[in-house]
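Engineer: Structure incoming, see below.
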Amino acid sequence: MKTRLLVILSLVTLAVFGLGNIARGQNEVTESVTTSYYSTSKVLPLGPDRGYMIFEAFGVLVSDTGEGLFHNATIRCIGASFAEKGSWEGENYCTYTLKDGEKVFIIAKQGGKTGTPMPPGQGTAKMIGGTGKYSGIQGRTEFTTYFLRPSAEGISQMYNKAKIIYKLP
């Protein structure tokens, strides 16, 4: 009787705690990626330690494993940033173009400290939609951006390390 009760309690515990996590784990995917960007911008100085910038950035994603939904995808972002007294924050909207031609849309927020060289910035993004079979995609991204010395005048270059966490429809 005790053995039977122990087996039943073990199965109930697995059903309540274990199977739910297994099911969630199968639906949610995490991809670690590196994205290399270049961007152009327009800056409006607003005093000695304040400014506003609009930008357009283009990038290419490579996953750490060499595979996945976002591996070899491209990204285009348009956004704005405001800097004041040594810190900046910004918001941008982006479109990932996946290998199959479908698109995933995000809104990203990021910020950090200003300086020369520019210190890394931190950000998060939320998936707000997609096209075709990805129209119901849900997810988020956590990233760190590293700013580089540009190879040509008039552009900015950077890369970010990100975790893209998503659930397909």
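The values are calculated or read from the model by the stated rules, or taken from the named source; none is laboratory data. Just so you know, these numbers come straight off a predicted model, no measurement behind them. Because the Cβ atoms are built from the backbone with ideal geometry, glycine has one as well, and the counts that use them run over all protein chains shown.
Engineer: So the check is Cβ under 6 Å with 6+ separation or different chains; which pairs have a first residue in region 56-82 that's at positive phi and a second one that's surrounded by 15 or more Cβ atoms within 10 Å (Cβ to Cβ)?
Structural biologist: What qualifies is Gly68/Glu31.
Engineer: Show the residue pairs that are 6+ apart or on different chains and have beta-carbon atoms under 7 Å apart, the first residue being within region 83-104 and under 30 Å from Pro117 (Cβ atoms), the second being surrounded by fewer than 14 Cβ atoms within 10 Å (Cβ to Cβ) and at pLDDT below 95.
Structural biologist: From region 83-104, the pairs are Glu84/Asp49; Lys85/Asp49.
Engineer: For residues that are outside any strand (DSSP E or B) and over 15 Å from the mean Cα position of the chain (by Cα), scanning just region 73-89, find the one that is nearest to Glu31 (Cα to Cα). Before the answer, list the steps.
Structural biologist: Going through region 73-89, the residues outside any strand (DSSP E or B) turn out to be 73, 85-86.
Narrowing the set further to residues that are over 15 Å from the mean Cα position of the chain (by Cα) leaves 85-86.
Numbers: Lys85: 35, Gly86: 32 Å.
Going through the qualifying residues, I end up with Gly86.
Engineer: Since Val104 meets every condition but one in (1) hydrophobic (A, V, I, L, M, F, W, C); (2) closer than 30 Å to Pro169 by Cβ; (3) over 17 Å from the mean Cα position of the chain (by Cα), which condition does it not meet?
Structural biologist: Looking at each condition in turn, Val104 falls short on (3).
Engineer: Another one. Among Gly129, Gly66, Gly111, which is the only one that is farther than 19 Å from Lys167 by Cα and outside any loop (DSSP other than H, G, I, E, B)?
Structural biologist: So the residue among Gly129, Gly66, Gly111 that is farther than 19 Å from Lys167 by Cα and outside any loop (DSSP other than H, G, I, E, B) is Gly111.
Engineer: Let me ask something additional. Tell me the residue from Leu98, Leu61 that is closer than 16 Å to Phe143 by Cβ and aliphatic (A, V, I, L, M), please.
Structural biologist: Numbers: Leu98 fails: closer than 16 Å to Phe143 by Cβ.
After applying the criteria, what remains is Leu61.
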